[in-house]
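The values are calculated or read from the model by the stated rules, or taken from the named source; none is laboratory data. Computed from a predicted model, the values in this text were never measured in an experiment. Neighbour counts run over all protein chains shown; Cβ positions are idealised from the backbone, glycine included. Each accessible area value is taken on the protein alone, full model and side chains, heavy atoms only, with ligands, DNA and RNA left out. Shrake-Rupley method; radii C 1.70, N 1.55, O 1.52, S 1.80 Å.
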Amino acid sequence: MPDTEKPLLIEARLNEWSLRERNPHVPWTPEEIADDAYACWQAGASIVHFHVRNPDGSPAHDVELYARVMRAIRERCDVLIHPTIAGVVTPDPAARIAPLARMCEDSSSCPDFAPLDMGSTNLDAYDAATRSFSTEQKTYVNSIATLRYLAGHVQRMGLKELMCAWTVPCLRTVDAFVHAGWIRDDPALVCVVLTEGGIQGGHPGTPEGLLSMLQFMPQRNIEWSVCCREGNLFNVAGLALERGGHLSIGLGDYAYAELGAPANAELVRRAAELGASFGRPAASVDQVRTLLGLTREPAPSTAN
Ligand code: ZN
């Protein structure tokens with residue numbers, strides 16, 4: 001299918017660890033996350049990505065909380081689900097995968113995707129006004145051993161890897177993992193992570209930043225999307241649509257104050273409208289299942 005006729009996969013990145021001082025619509029509780037996921041699905045999202053929170057918005061790592069969110073989403077709709085790996089960032093891959101394994105003991109709380117960040121990078125933000133970094137130790141460590149371990153377990157659980165590429169070396173690692181047979185490109189799914197807001201660990205959230213990544217996209221069977229941490233994704237969305245890419249957007253990445261601090265569903269609606277204007281209407285969940293070759297049976301849903 002020519003890139004320009006491919007339906008548009010929209011992933012709604014609901015919350016990450018965002019607080020509400022810049023946008024009050026960030027969902028925290030299981031009910032809020034599930035309601036937001038449903039609204040995004042209605043607006044054209046086919047995948048939702050979320051992190052679970054305590055009632056005050058602080059990061060939570062509770063497996064049962066993740067399971068509650070997944071069941072609540074599936075009571076509402078059939079959107080594909082991509083949780084973080086239970087919010088645990090630790091060098092120990094067994095600890096990172098354990099919550100996901102527990103969730104998948106029950107098919108009603110087993111997600112469709114698991115994230116793999118295909119390299120290590122610095123997440124500290126530089127503040128030009130103060131000529132300093134806000135932090136100096138936020139290194140996100142993903143060794144080859146960890147990635148290989150996680151990829152193996154994710155496949156055995158029947159989930160699809162959603163591989164995040166912050167830099168060209170991450171893309172080269174994707175290529176190596178496909179070549180080694182550790183990741184299947186049937187097709188593989190890669191999210192290009194651009195970074196703004198002073199974060200130096202990714203390419204800039206500009207057309208040049210995206211193009212420099214695309215030059216090194218592995219010559220494999222790959223579907224790719226793009227997100228922008230701390231920046232407005234619409235600055236590169238048209239380019240991504242032209243090049244056959246997909247869009248991963250939401251308040252988890254950026255508050256979108258210049259658009260009036262909208263809710264996630266409004267961002268998804270804008271992305272869907274932009275896609276339609278490029279002849280690429282928002283893909284349905286079934287279209288995404290076909291596009292990505294998802295073979296795992298849809299999780300039982302209690303939605304009508
Ligand atoms: Zn996340």
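A few notes on this one:
- Test for M163: is it in a loop (DSSP other than H, G, I, E, B), in contact with a helix residue (DSSP H, G or I) (Cβ under 8 Å, 6 or more places away or on another chain) and surrounded by 16 or more Cβ atoms within 10 Å (Cβ to Cβ): no
- Residue match in the stretch 8-15 (condition: of a type in the set (A, V, I, L, M, F, W, C) and modelled with pLDDT under 95): no
- Residues of the stretch 32-52 satisfying the condition of being in a loop (DSSP other than H, G, I, E, B), open to solvent by less than 10 Å² (accessible area, probe 1.4 Å) and more than 16 Å from the ligand (Cβ to nearest atom): S46
- Filtered by the rule that a residue be assigned to a helix (DSSP H, G or I), without any contact (Cβ under 8 Å) to a residue 40 or more places away in the chain and open to solvent by 10 Å² or more (accessible area, probe 1.4 Å), the stretch 203-231 gives P207, E208, L211, L214.
- Subset of the stretch 11-31 (residues that are open to solvent by less than 60 Å² (accessible area, probe 1.4 Å), more than 16 Å from A72 (Cβ to Cβ) and within 16 Å of the ligand (Cβ to nearest atom)): E11, R13, E16, S18, V26
- Screening the stretch 285-304 for residues that are part of a loop (DSSP other than H, G, I, E, B) and surrounded by fewer than 14 Cβ atoms within 10 Å (Cβ to Cβ) and picking the one that is modelled with the highest pLDDT gives T295.
- Residue in the stretch 276-284 that is open to solvent by less than 50 Å² (accessible area, probe 1.4 Å), in contact with a Gly (Cβ under 7 Å, 6 or more places away or on another chain) and part of a helix (DSSP H, G or I) present: no
- Filtered by the rule that a residue be surrounded by 16 or more Cβ atoms within 10 Å (Cβ to Cβ), away from the ligand (no atom under 13 Å from the Cβ) and at pLDDT 90 or above, the stretch 70-99 gives M70, R71, A72, I73, R74, R76, C77, D78, V79, L80.
- Filtered by the rule that a residue be open to solvent by 80 Å² or more (accessible area, probe 1.4 Å), in a helix (DSSP H, G or I) and either among the small types (G, A, S) or modelled with pLDDT under 95 (or both), the stretch 138-148 gives no residues.
- Of the residues making up the stretch 100-137, those that are farther than 17 Å from T84 by Cβ and either open to solvent by 70 Å² or more (accessible area, probe 1.4 Å) or aliphatic (A, V, I, L, M) (or both) are E105, N122, A125, Y126, A128, A129, T130, R131, F133, S134, E136, Q137.
- P55 vs. criteria open to solvent by 80 Å² or more (accessible area, probe 1.4 Å) and either more than 16 Å from the ligand (Cβ to nearest atom) or modelled with pLDDT under 95 (or both): yes
- Among the residues making up the stretch 54-96, those that are out of contact with any helix residue (DSSP H, G or I) (no Cβ under 8 Å at 6 or more places or on another chain) and among the charged types (D, E, K, R) are D56, D62, E64, D92.
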